[in-house]
Amino acid sequence: MTAPGARARLATIGLPDFGMPDREPEIPAERYRERVARLRERAAERGYDRLVVYADREHSANLAWLTGFDPRFEEAVLVLGPTGEPAILVGNECFGTAGAAPLSMRRVLFQDLSLPGQPRDRSRPLGEILAGEGIGPGGRVGVIAWKTYASRATLDAPAFIVDELRTVTGPTGLVENAADLLIDAGDGLRVVNEVEQLAALEYAACQTSNGVRRLLSGLRPGMTEREAVRLLEWNGAPLSCHLMLTAGPRASFGLLSPGDRRIERGDRFTVAFGIWGALDCRAGFVVEDAAELPPAIGDYVERLVGPYFEAVAAWCGALHVGQTGGVLHDIIARRLADPFFGIFLNPGHQIGLDEWVNSPIYAGSTIELRSGMAFQVDIIPATGTDYFTTNIEDGIALADASLREAFATTYPAAWGRIEARRRFMGEALGIELHRDVLPFSNIPAYLPPFLLRPDRAMTMRA
């Protein structure tokens, strides 16, 4: 925790080189088999005969986590029964790709999953395929696509799949949303990570955070946005979202891709870089100090950045296994209650292969945070004023004593980076973390508001 009564200030801070992993940690094939077994247990507890898992390029995380396969160009459908190899329905182009998955699956060609205009003359009708996989009259089918809804009757898989499932199971059957089995914020299988998955998240966070660090160090007026985004040095890892970088008037709209505009001194600026397992984001002004800002926002640090950093520091200091999401929500709601700050999204959420899995952090939440959960520090002020915004988005995870020991033993180099980040956050930034908290970012809570002075950042130290 931060010292009682401490206030944030801007100071010259040396950001250490925390190092980079030599290679990406692999998820062992047996881990995928274990995930399938655990999902089968949950399906049986709910009374499902079969699970159907749908994925497309934008919404592939559930399938990829379960099987190690994500469809490219096409959609894919997994049919999971109580025993035996799952069946993966794929189109023309993914039929070969699915064979590279670490989980053994029976590949079934279903060409309606192929791109428009491609051949559709070699696959059976969907109803026949589903019947062959044991889905029939009176069947109880749980459908896992992307999201959960207020009612399990609401499904977000394509109608041509859902309609066929309902036809095959008939009036006595059940076809309902089962996405919560994987993404429920309290006990979904995907929100509690194994040690290998945590190591993979740390690897990903090293890539994105070092990219943002390079950008902050190399940003110069006169660069185009496209030139600036090259500083991220994206290495081809699958993106969890498109690269975001904008300066000037467009920066206020958020989520936009870089263009050809030249970055000017005094511009608003925001960047976000996300790959599977991590996202880092920073925002501020392309200036060296407050004297370069318009006089009306000369108190940018005092009015916005300082209170924001104090709130983030308190949020981080309150994290631990067993903490409730409601407590974390209330810290931000209390400290940034003024409508000026414009906080309207959940102050933090779970992260996985997709940037936002779910969030237990909301008003009144009694969900207890568990060992193995990974979170995005994602508290975004949307002032809608000339003050623009400020932003820290970093990855962080929770681990109890046994999981910490397993991590340190299995991945000693990554554990060394985690310990170094913890020391830096405590000693340089004044953010004391509970022993359960594992920071994954190589720019952990490092917030330089004036982007042409990346050596000057916010701290809670006096």
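The values are calculated or read from the model by the stated rules, or taken from the named source; none is laboratory data. Given the structure is predicted, the values throughout are model-derived calculations rather than measurements. For neighbour counting, all protein chains shown are included, and Cβ atoms are generated from backbone atoms with ideal geometry for every residue, glycine included. Side chains included, ligands, DNA and RNA excluded: accessible areas come from the protein's heavy atoms. Shrake-Rupley method; radii C 1.70, N 1.55, O 1.52, S 1.80 Å.
Tell me the residue from Arg120, Arg106 that is open to solvent by 60 Å² or more (accessible area, probe 1.4 Å) and touching a helix residue (DSSP H, G or I) at 6+ places or on another chain (Cβ under 6 Å), please. Working first, answer last.
Values: Arg106 fails: touching a helix residue (DSSP H, G or I) at 6+ places or on another chain (Cβ under 6 Å).
Checking each option against the conditions leaves just Arg120.
Taking the criterion of being aliphatic (A, V, I, L, M), open to solvent by less than 10 Å² (accessible area, probe 1.4 Å) and touching an Asp or Glu at 6+ places or on another chain (Cβ under 6 Å), would at least one residue in segment 372-379 satisfy it?
As a first pass, look at segment 372-379 and keep what is aliphatic (A, V, I, L, M): 373-374, 377, 379.
Next cut, open to solvent by less than 10 Å² (accessible area, probe 1.4 Å) only: 373-374, 377, 379.
With touching an Asp or Glu at 6+ places or on another chain (Cβ under 6 Å) added as a condition, the list becomes 377.
Yes, segment 372-379 contains at least one residue that is aliphatic (A, V, I, L, M), open to solvent by less than 10 Å² (accessible area, probe 1.4 Å) and touching an Asp or Glu at 6+ places or on another chain (Cβ under 6 Å).
Kindly establish whether Ala337 is farther than 17 Å from Arg190 by Cβ and either over 14 Å from the mean Cα position of the chain (by Cα) or part of a strand (DSSP E or B) (or both).
So Ala337 passes the test.
Counting just the residues of segment 188-206 that are open to solvent by 10 Å² or more (accessible area, probe 1.4 Å) and not in a helix (DSSP H, G or I), which one comes out farthest from Gly325 (Cα to Cα)?
Out of the qualifying residues, it is Glu194.
Can you tell me which of Ala272, Ala291, Ala296 is on the phi < 0 side of the Ramachandran plot, out of contact with any Gly (no Cβ under 7 Å at 6 or more places or on another chain) and free of Cβ contacts under 8 Å to residues at least 24 places away in the same chain?
Ala291
Considering each of Glu74, Glu85, Glu93 in turn, give the residue that is under 27 Å from the mean Cα position of the chain (by Cα) and acidic (Asp, Glu). Walk me through how you get there before you give the answer.
Working: Glu85 fails: under 27 Å from the mean Cα position of the chain (by Cα); Glu93 fails: under 27 Å from the mean Cα position of the chain (by Cα).
Result: Glu74 is the single residue among Glu74, Glu85, Glu93 that is under 27 Å from the mean Cα position of the chain (by Cα) and acidic (Asp, Glu).
Open to solvent by 20 Å² or more (accessible area, probe 1.4 Å), in contact (Cβ under 8 Å) with a residue 24 or more places away in the chain, within 22 Å of Leu39 (Cα to Cα) and among the small types (Gly, Ala, Ser): which single residue out of Ala145, Ala153 fits that description?
None of the other options fit; the residue is Ala153.
Would you tally the residues in segment 304-330 being assigned to a helix (DSSP H, G or I), within 16 Å of Leu398 (Cβ to Cβ) and among the hydrophobic types (A, V, I, L, M, F, W, C)?
Number of matching residues: 5.
Looking at segment 328-346, which of its residues are surrounded by 17 or more Cβ atoms within 10 Å (Cβ to Cβ) and not β-branched (Val, Ile, Thr)?
Leu328, His329, Asp330, Arg335, Leu336, Phe341, Asn346
Going through segment 209-231 one residue at a time, which ones are in contact (Cβ under 8 Å) with a residue 24 or more places away in the chain, touching a Leu at 6+ places or on another chain (Cβ under 6 Å) and either open to solvent by 50 Å² or more (accessible area, probe 1.4 Å) or within 26 Å of Ser60 (Cβ to Cβ) (or both)?
Listed by number, the residues that qualify are Gly211, Val229.
Condition test on Leu115, is it within 26 Å of Gly136 (Cα to Cα) and at pLDDT 95 or above? Don't jump to the end; show me each part of the working.
Details: within 26 Å of Gly136 (Cα to Cα): no; at pLDDT 95 or above: yes.
No.
Within segment 388-395, identify whether any single residue is open to solvent by 10 Å² or more (accessible area, probe 1.4 Å), out of contact with any Ser or Thr (no Cβ under 9 Å at 6 or more places or on another chain) and in contact (Cβ under 8 Å) with a residue 12 or more places away in the chain, and answer yes or no.
The answer is no, given that none of the residues of segment 388-395 is open to solvent by 10 Å² or more (accessible area, probe 1.4 Å), out of contact with any Ser or Thr (no Cβ under 9 Å at 6 or more places or on another chain) and in contact (Cβ under 8 Å) with a residue 12 or more places away in the chain.
Which of the residues spanning segment 403-413 are open to solvent by 10 Å² or more (accessible area, probe 1.4 Å) and touching a residue at least 60 places away in the same chain (Cβ under 8 Å)? Write out each step before concluding.
Restricting attention to segment 403-413, the residues satisfying the condition of being open to solvent by 10 Å² or more (accessible area, probe 1.4 Å) are 403-406, 408-413.
Result: Leu403, Ala406, Thr410, Tyr411, Ala413.
Every residue, every condition in (1) surrounded by 13 or more Cβ atoms within 10 Å (Cβ to Cβ); (2) of a type in the set (A, V, I, L, M); (3) within 23 Å of Pro158 (Cα to Cα), yes or no:
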{"residue": "Thr12", "(1), (2), (3)": "no, no, no"}
{"residue": "Pro21", "(1), (2), (3)": "yes, no, no"}
{"residue": "Ala37", "(1), (2), (3)": "no, yes, no"}
{"residue": "Arg50", "(1), (2), (3)": "yes, no, yes"}
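Please work out if Ser257 is in contact (Cβ under 8 Å) with a residue 24 or more places away in the chain and of a type in the set (Ser, Thr, Tyr).
no
Tally the residues that are buried (at least 22 other Cβ atoms within 10 Å of the Cβ) and touching a Ser or Thr at 6+ places or on another chain (Cβ under 7 Å), restricting the search to segment 70-87.
Going through segment 70-87 one residue at a time, the tally reaches 4.
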